[in-house]
Amino acid sequence: MNTSSPSPDDTSSFVRTPLLSPLDAANLTSQGLLHPGTTPNTHLLHKHRLFPFAEEEYRDFPLHNTTPTSHPSAFALLPRYLISSETLQYIGLSPTKARELWSSHESSFWPRNRKIDPAEFLTFVLNHVTNRKDTWSEDESEWHAVLEDCGVNDDVKDAIMDPRFEQIRGCETCLGWVKDTVEMRFRGLRRIQEQSQACEGELKKTMEG
């Protein structure tokens, strides 16, 4: 579990729930499945623990005697908190857009001194990212312009504009694909959080028994 000092965007006036429950995080760390991330507010979690049946999908990655140094592809970089600027980058925004949106989020929510509902946070993000001119044109330059304007990162741009999926891409507008991507990745983080909470519950039962 990452025990580094919180980054400057941490504050006691804003209640944020960790993505990984503390007891589960400690257990994963003891097994060598969780390591500090690249920043104080990120984790590196072994991909076998990302979701149910992940062990099958990532069966080529060894589970034991594996570290981010020996097998970097076996670990996923995750935000420490679900509601965070790191999450904004995880779900597909560029670092610049993530910082801009997080600053806006702070101004909107932090003075309330309350826990932010994940659905509310996602709505906030989608409103800022997709509330702009869209395109359904066959002109790829228009798609690139929209993607640049809404601030998604290069990975999302490349995935949406992949020539192999040109016909599929035409089934939705540009911002429709951005919205789908952001929602899908955020739901993935929510599943990780819920799975971690369930694991912590089982660990508590074991300890109490």
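Just so it is clear, none of the values below were taken in a lab; they were calculated from the coordinates. Nothing here was measured: the structure is a model prediction, and the numbers come from that model. A quick note on method: Cβ atoms are made from the backbone with ideal geometry, for glycine too, and the neighbour counts reach across all protein chains shown.
For this structure, a couple of remarks:
- Between the helical axis of 140-150 and the longest alpha-carbon principal axis of the chain there is an angle of about 50 degrees.
- By the beta-carbon count within 10 Å of each Cβ, the least crowded to most crowded order of Trp177, Trp102, Trp136, fewest first, is Trp136, Trp102, Trp177.
- Reported to the nearest whole Å, the Cα centre-to-centre distance from region 20-74 to region 137-159 is 32.
- Under DSSP loop assignment and at most 14 Cβ neighbours within 10 Å, longest GluC sites (Glu not before Pro)-free interval of the chain: 1-137
- By the count of neighbouring beta-carbon atoms within 10 Å, fewest first, Ile160, Ile83 end up ordered Ile160, Ile83.
- Nearest-20 debye value, the chain charge dipole, Cβ charges on Lys, Arg, Asp, Glu: 840 debye
- Here, region 105-209 has an Rg and a Dmax of 18.6, 63 Å when only alpha carbons are counted.
- Ranked list, fewest to most other Cβ atoms within 10 Å of each Cβ, for Arg187, Arg80, Arg16: Arg187, Arg16, Arg80
- The chain: angle of helix 118-130 to the longest principal axis, Cα-based, in degrees nearest 10: 30 degrees
- Semi-axes of the equivalent ellipsoid for the chain, Cα gyration tensor, largest first, Å: 32, 23, 15
- Furthest towards positive pole of dipole, Leu77, Cys199, Leu93, structure part the chain, Cβ charges: Cys199
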